[in-house]
Each structure stands twice: as structure tokens, then as C-alpha cells.
1. Step through the table entries LYS21/LYS174; LYS14/LYS157; LYS14/LYS154; LYS19/LYS47; LYS19/LYS105, compare each Cα-Cα distance with 26 Å, and write down the pairs that go over it.
2. Tell me the GluC sites (Glu not before Pro) within the range 20-128 that lie in a loop according to DSSP and have at most 16 other beta-carbon atoms within 10 Å.
3. Which value in nm describes the separation of the simple spin-label points at GLN151 and SER104, placed 7 Å from the Cα toward the beta carbon?
4. Just flag the GluC sites (Glu not before Pro) in the range 132-204 sitting in loop per DSSP whose Cβ has no more than 14 other Cβ atoms within 10 Å.
5. Expected output is a single nm value to one decimal: the length gained when fully extending between SER172 and TRP20, i.e. 0.36 nm times separation in residues minus the C-alpha distance. What is it?
6. Could you calculate the FRET efficiency of ASN62 with GLU11 from 1/(1 + (r/R0)^6), where r is the beta carbon distance between them and R0 is 25 Å, rounded to 0.05?
7. Once you place label points 7 Å from the Cα toward the Cβ at SER216 and MET33, how far apart are they in nm?
8. Kindly identify the chain as rounded, prolate or oblate by the Cα gyration tensor criterion: order the square roots of the eigenvalues as a ≥ b ≥ c, call it rounded if a/c is under 1.5, otherwise compare a/b with b/c, prolate if a/b is larger, else oblate.
Amino acid sequence: MKFFLDSANLEEIKYAIKKWKIDGITTNPRHLMVAGMTVEDFAREVKELVEGTHITVSLEVNPHLEDPKEIVDQATSLASLSNNFVIKIPATESGFEALAELSSKGVKVNITLVFNLVQALQAARLGAYYISPFVGWREERGELNTDFINQIVKAVKGYGYSSQIIVAAVRSAKHFVEAALAGADIVTAGFQVYKRAFDNPYTRMGLQIFSDAWNSIYGR
Ligand code: E4P
């Protein structure tokens with residue numbers, strides 16, 4: 001399973017590429033707002049960091065756009081900036097119409113804001129490169145995710161579609177477990193979610209025990 005970082009913070013991205021060997025970056029307008037950047041600024045900066053690597057960067061189109069042609073135009077223009085860019089388009093009727101056009105032109109699309117299996121299948125049918133079901137948002141509304149992710153992975157892979165499933169809006173190590181057990185291709189999570197997931201109190205406790213043993217062998 002690949003690990004993606006969900007962020008528009010360039011320092012976090014540099015850190016995750018260098019130290020965690022992250023496989024990809026996803027971002028959205030909220031991350032850009034926090035980072036104080038336009039999508040064009042971010043595209044310019046992040047391109048320098050990923051060019052010549054396998055790391056994909058998913059950039060979202062303007063969420064106000066409702067006309068599929070306008071979505072296609074912005075997506076095409078963003079995609080032309082780098083081979084590493086994948087364009088995030090919402091799972092709406094207009095988004096799906098734009099997806100069909102973009103797939104036929106060879107533009108890689110990440111269908112975002114996916115909350116049910118039908119949206120995921122429509123994305124897969126029309127050639128989405130990535131499909132992003134949002135588990136954290138569902139869970140915040142009291143919905144369970146294990147079957148949700150399982151069904152999407154089973155259906156998309158079972159019918160032989162090539163789309164990769166990104167489990168998104170990940171909040172905890174538990175979501176990584178659910179994603180991995182379902183056979184999802186990718187998890188995308190924020191910087192602090194990784195920091196917490198990589199840390200474990202038993203690991204720290206074990207280190208203390210082994211350090212004490214080391215000291216009694218070698219002295220301090
Ligand atoms: C994924 O591609 C999204 O950017 C992300 O997971 C959205 O959710 P969040 O910002 O609430 O985590």
C-alpha cells in the first residue's frame with residue numbers, strides 16, 4: 001500500500017519526501033488556504049520538489065466550476081504543468097462528464113469527495129486514475145467505514161478497472177488498518193496523523209527496557 005501526504009505545506013512535503021519516502025501528495029483548497037497559496041503558486045513550487053521522481057501530486061480544480069467544459073479547461077491547464085500532476089475533480093455529474101473528456105485526452109484524474117459505491121463505479125467506468133473515498137468525514141457523521149472501503153475495492157478491482165483507490169480524510173492508525181485489510185492501493189493522511197501513527201508507546205517502553213539492559217552490559 002502506498003503512503004501519500006495530504007498537505008500543501010512545502011516544509012511538510014519536503015520532510016515527508018526526504019525522511020518518509022512518501023509516494024505521493026494530495027492537496028485541496030482548504031490545505032492551500034492554510035498554506036496561504038493559490039493552486040498556481042503551489043503547482044509551481046511543488047513541481048520543483050517532485051520532478052524526475054515517481055511522486056504524483058493531486059491538485060484540485062476550482063470547486064465553483066459547474067460547467068464540465070470549464071472543469072476540463074482548468075484541469076488541462078494544470079495537468080500541462082507537470083507529468084507528475086493528477087487533477088482532482090469532484091464526484092458530481094459535471095465532474096464525471098469532465099472526467100470522460102479528460103480521460104480521452106490522457107489527463108490523469110483523481111475523483112474526490114466520494115461517499116458511495118455508485119460514485120466510485122462511475123469514476124472507474126470513465127477512467128479515473130485515482131478514486132478518493134473520504135472515510136474521516138463519514139465517520140464524523142456516525143457511519144462505519146470497513147464495509148464501505150471493502151465494497152469499493154472489491155467492486156472496482158473485481159470488474160477489472162485500473163483506477164487506484166486512495167483512502168482519504170484519514171484521521172488515525174485505525175484507518176490505515178481498515179484500508180490495508182480492504183486491499184486499498186493508497187492511504188493519504190496529514191502530517192500529524194503520520195507522526196502519531198509512526199509512534200507507539202510500546203515501542204518507547206521497549207526502547208527504555210533495552211536501553212537499561214544495554215547500560216548494565218556496557219555501563220552508562
Ligand atoms: C484527500 O485527497 C483530501 O484532500 C483530504 O483527505 C480531505 O480531507 P481532510 O482535509 O478533511 O483531511
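Derivation of every value follows stated rules applied to the coordinates shown; laboratory data play no part. Keep in mind that what you see is a predicted model, and the values were worked out from it rather than measured. Cβ coordinates were reconstructed from backbone atoms using ideal geometry, including for glycine residues, and neighbour counts include every protein chain displayed.
1. LYS14/LYS157; LYS14/LYS154; LYS19/LYS105
2. GLU51, GLU66
3. Between GLN151 and SER104, the label points sit 3.1 nm apart.
4. GLU143
5. 53.0 nm
6. 0.45
7. In this crude label model, SER216 to MET33 measures out at 5.7 nm.
8. Values: a/c = 2.39, a/b = 1.60, b/c = 1.50.
Verdict is prolate for the chain.
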